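Okay, structure first, notes after.
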Amino acid sequence: MGRDERPGAWGTDAHEPSVLREYALLADGHRGALVGPDGNVTWLCAPGWADPPVFSGLLGGRGDYLVTPADRRYVWGGHYEPGSLVWVSRWVTTDGIIECREALLFPGEARRVVLLRQIHALDRAATVHVRVDPRADFGREPVREVRRDGPHWLARTGGLYLRHSGGERLRPTTDGPLCGELTVPAGGRHDLVLEIATRPLDAEPPRPDELWRTTEQTWAASLPPLAGGPAQRDAVFAYAVLRGLTRPGGGTVAAITMALPERALAGHNYDYRYAWLRDQSFTGQAAALVGRYDLLDDAVAFLAQRVLADGDRLAPAYTVDGDPVPPQHGLEFLPGYPGGSPRLGNWVREQFQLDAFGEILLLLAAAARHDRLDDDSRRAMELAARTIGERWQQSDSGIWELPARQWTHSKLMCVAGLRAAARVASRRSAGRWAALADTILADAAAHGLHPSGRWQRAYDDERVDGALLFPGIRGALPTGDPRTEVTRRAVLAELECEGYLYRFRPDSRPLGDAEGAFLLCGFAAALAAWQAGDVVGANRWFERNRAACGAPGLFTEEYDVQQRQLRGNFPQAFVHALMLETAVTLGQAEPCPARH
């Protein structure tokens with residue numbers, strides 16, 4: 001089918017979704033957008049991360065924002081401008097080359113979205129088709145009250161106020177969207193600005209050049225200079241992704257999307273627009289290793305507030321503002337992304353995940369080593385350690401959020417967290433925490449150690465698990481403890497396939513039949529190899545898993561090895577955090593296990 005024959009012609013609502021590897025991310029800390037290869041913004045929740053989307057085409061809903069060549073015969077490409085989340089879409093047509101710079105105003109505002117698009121005609125005059133159609137509440141709210149205000153268009157959708165600048169030549173259709181064509185002279189540019197706010201937009205809109213200047217300067221000041229290493233540019237970009245996914249002073253969303261299937265028609269599709277405590281730890285620890293404190297401070301503040309507020313009732317995830325995650329329910333009125341059905345909310349709110357307390361201690365200890373803890377954070381450290389002491393013998397749902405069992409990884413991560421906290425605590429607390437760590441380790445050795453000398457998945461499950469790489473990486477055991485290396489070798493022997501690592505074997509099917517490889521585990525394998533002194537192996541694991549991204553350089557949680565496709569919600573924050581940590585670690589002169 002030719003591009004001009006596809007469903008979803010201009011002037012209609014339907015657009016085919018793209019494969020995930022082709023989407024680019026725009027983010028400003030308060031929300032994120034996905035831009036497809038045709039120049040269509042198919043996903044944007046407003047005003048915040050977990051609010052209903054105004055562009056929901058990704059899930060088959062109405063509402064999108066299209067800027068695409070009028071010549072439908074084109075080849076797509078693009079890139080991020082260095083050290084930023086400013087994306088440049090690039091189309092080579094039969095008549096010339098067109099580029100469109102895309103960004104959310106950075107830093108963002110909590111109650112106002114500002115989406116910037118700047119069209120460039122590089123060599124010849126360029127004509128683009130534009131369609132502006134924001135529809136609140138998953139596309140169920142129509143565009144209404146469309147009117148001109150001088151050179152700007154004003155409108156409403158649901159409880160949101162809209163203003164579009166730069167589209168004087170566009171015209172509203174019978175059902176509200178603005179549509180039309182814009183021609184840009186050779187070598188020229190044309191700016192489009194869409195504002196979406198929770199209150200009327202009374203002030204005169206800022207000049208586009210001022211918005212771009214603010215965005216460029218803020219990104220330049222927000223990212224760390226990284227010297228050396230095998231992937232310096234990718235490491236800086238991973239930091240930019242994490243910065244964009246983190247609400248200032250708040251949490252980091254696991255992903256900006258919801259209900260994208262991990263496996264077609266398998267029922268594995270969840271809402272990830274929330275902040276998991278474990279993700280905050282991964283992000284903060286990577287930031288501490290880089291030596292930048294903004295993401296570290298945000299993660300510490302978020303975790304400390306949640307621990308002090310909820311104590312032993314701590315949930316595994318919250319909204320980025322610290323509120324409870326809503327209960328899970330379906331959205332039957334949406335078709336969904338192909339292979340999955342839409343779901344809002346997440347059942348993780350009901351789980352107890354013991355390892356999260358160990359992760360919290362690991363993060364707070366890392367912050368203490370950089371002298372970044374205040375009194376509240378130290379009280380949170382005490383409370384997290386006390387909760388481990390009270391609850392470590394209970395069954396929990398573990399890192400993979402499965403039915404409650406005595407997961408060995410959960411026990412050992414508490415050991416790692418307690419040992420790290422003891423090294424930065426007062427003498428009295430250090431003694432108590434070290435003794436508790438010894439007690440938990442002894443129990444794990446009695447019940448969670450396989451006869452071969454490796455750690456096993458659970459006290460009642462002798463299989464291996466990719467998560468068992470993390471206790472060794474994080475210092476649960478002394479350097480050189482043979483159980484760490486025996487476990488590493490067993491995990492790789494059982495769960496590796498073509499340079500990627502699966503989290504576990506869910507059943508008797510071959511690896512890859514039940515789910516994709518877990519990129520988090522692949523980067524953990526690189527760190528574990530580095531710690532073991534296998535420099536070549538560490539770089540091999542890193543490079544293989546670094547390649548499991550789309551053209552824009554973004555990762556999902558899972559990677560379909562056979563089809564070379566990204567699976568699950570997008571982009572996945574904790575994968576970018578581990579990628580960043582691995583890149584920085586492998587940039588060191590030589591392996592240094594003692595740093596843990």
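Within the stretch 123-152, the residues that satisfy the criterion of being touching a Lys or Arg at 6+ places or on another chain (Cβ under 7 Å) and more than 19 Å from Val35 (Cα to Cα) are Glu141, Pro142, Val143, Arg144, Glu145, His152. Taking first residues from the stretch 171-189 that are in contact (Cβ under 8 Å) with a residue 24 or more places away in the chain and at positive phi and partners that are in a strand (DSSP E or B) and surrounded by 17 or more Cβ atoms within 10 Å (Cβ to Cβ), the Cβ contacts under 8 Å between residues at least 6 apart in sequence or on separate chains come to Gly176/Asp133; Gly176/Val146; Gly176/Ala155; Gly180/His129; Gly180/Val130; Gly187/Ala121. Here Glu401 fulfils each of the conditions (1) under 15 Å from Leu277 (Cα atoms); (2) touching an Asp or Glu at 6+ places or on another chain (Cβ under 7 Å); (3) among the charged types (D, E, K, R) apart from (2).
Residue pairs whose Cβ atoms lie under 6 Å apart, separated by 6 or more positions or on different chains, with the first residue in the stretch 72-87 and farther than 20 Å from Leu115 by Cβ and the second modelled with pLDDT under 95 and surrounded by fewer than 15 Cβ atoms within 10 Å (Cβ to Cβ), are Arg72/Arg3; Arg72/Asp4; Arg73/Thr94.
Selection of the stretch 87-113 for residues being surrounded by 22 or more Cβ atoms within 10 Å (Cβ to Cβ), over 23 Å from Leu162 (Cα atoms) and β-branched (Val, Ile, Thr) yields only Ile98. The residue of the stretch 147-183 that is nearest to Pro69 (Cα to Cα), among those that are surrounded by 18 or more Cβ atoms within 10 Å (Cβ to Cβ) and among the aliphatic types (A, V, I, L, M), is Leu182. Residues that are of a type outside the set (Gly, Ala, Ser) and more than 20 Å from Ala365 (Cβ to Cβ) are absent from the stretch 423-441. Residue-level check: of (1) modelled with pLDDT of 95 or more; (2) in contact with a helix residue (DSSP H, G or I) (Cβ under 7 Å, 6 or more places away or on another chain); (3) not aliphatic (A, V, I, L, M), Arg101 misses just (2). Restricting the stretch 156-175 to residues that are polar (S, T, N, Q) and modelled with pLDDT of 95 or more, the residue that is nearest to Glu204 (Cα to Cα) is Ser165. If you filter the stretch 409-446 down to residues that are surrounded by fewer than 24 Cβ atoms within 10 Å (Cβ to Cβ) and among the basic types (Lys, Arg), you find that the one that is farthest from Ile388 (Cα to Cα) is Arg427.
Could we say that Thr585 is in contact with a Phe, Trp or Tyr (Cβ under 8 Å, 6 or more places away or on another chain) and hydroxyl-bearing (Ser, Thr, Tyr) here?
Yes, satisfied.
What residue, of Leu59, Leu116, Leu122, is crowded, with 23+ Cβ neighbours inside 10 Å, among the aliphatic types (A, V, I, L, M) and in contact (Cβ under 8 Å) with a residue 24 or more places away in the chain?
Leu59 is the lone residue from the list that is crowded, with 23+ Cβ neighbours inside 10 Å, among the aliphatic types (A, V, I, L, M) and in contact (Cβ under 8 Å) with a residue 24 or more places away in the chain.
When we screen Asp38, Asp71 for residues that are charged (D, E, K, R), over 14 Å from the mean Cα position of the chain (by Cα) and either part of a strand (DSSP E or B) or under 21 Å from Pro552 (Cβ atoms) (or both), the only hit is Asp38. Within the stretch 382-406, being among the hydrophobic types (A, V, I, L, M, F, W, C), buried (at least 23 other Cβ atoms within 10 Å of the Cβ) and in contact (Cβ under 8 Å) with a residue 60 or more places away in the chain holds for Ala384, Ile399. Within the stretch 309-323, the set of residues being among the acidic types (Asp, Glu) and over 18 Å from Gly398 (Cβ atoms) comprises Asp310, Asp321, Asp323.
Selection of the stretch 62-86 for residues being surrounded by 19 or more Cβ atoms within 10 Å (Cβ to Cβ) and of a type in the set (Lys, Arg) yields only Arg62.
Surrounded by fewer than 18 Cβ atoms within 10 Å (Cβ to Cβ) and either under 22 Å from the mean Cα position of the chain (by Cα) or not aliphatic (A, V, I, L, M) (or both): does that describe Pro225? The answer is yes for Pro225. Ala416 falls short on exactly one of the conditions (1) within 30 Å of the chain's Cα centre (by Cα); (2) hydrophobic (A, V, I, L, M, F, W, C); (3) in a helix (DSSP H, G or I); (4) over 21 Å from Pro482 (Cβ atoms), and that condition is (4). Does Leu468 satisfy being in a helix (DSSP H, G or I), surrounded by fewer than 20 Cβ atoms within 10 Å (Cβ to Cβ) and in contact (Cβ under 8 Å) with a residue 24 or more places away in the chain? In short, no. Considering (1) at pLDDT 95 or above; (2) out of contact with any strand residue (DSSP E or B) (no Cβ under 6 Å at 6 or more places or on another chain); (3) at positive phi, the lone condition that Gly150 does not fulfil carries the number (1). Checked against (1) small (Gly, Ala, Ser); (2) over 33 Å from the mean Cα position of the chain (by Cα); (3) at pLDDT below 95, Gly250 passes all but condition (2).
Is it fair to say Gln280 is polar (S, T, N, Q), modelled with pLDDT of 95 or more and buried (at least 24 other Cβ atoms within 10 Å of the Cβ)?
yes
Counting just the residues of the stretch 234-272 that are basic (Lys, Arg) and closer than 20 Å to Cys549 by Cα, which one comes out surrounded by the most Cβ atoms within 10 Å (Cβ to Cβ)? By that ranking, first place goes to Arg243.
Taken together, the criteria exclude Leu580 from residues that are at pLDDT 95 or above, in contact with an Asp or Glu (Cβ under 8 Å, 6 or more places away or on another chain) and more than 23 Å from Gly36 (Cβ to Cβ).
Phe237 - would you say it is at pLDDT 95 or above, out of contact with any His (no Cβ under 8 Å at 6 or more places or on another chain), not basic (Lys, Arg) and not assigned by TED's automatic domain parsing to the domain that holds Gly475?
yes
The values are calculated or read from the model by the stated rules, or taken from the named source; none is laboratory data. Everything quoted here is computed from the prediction, not taken from an experiment. Virtual Cβ from ideal backbone geometry, glycine too; neighbours counted across all protein chains shown.
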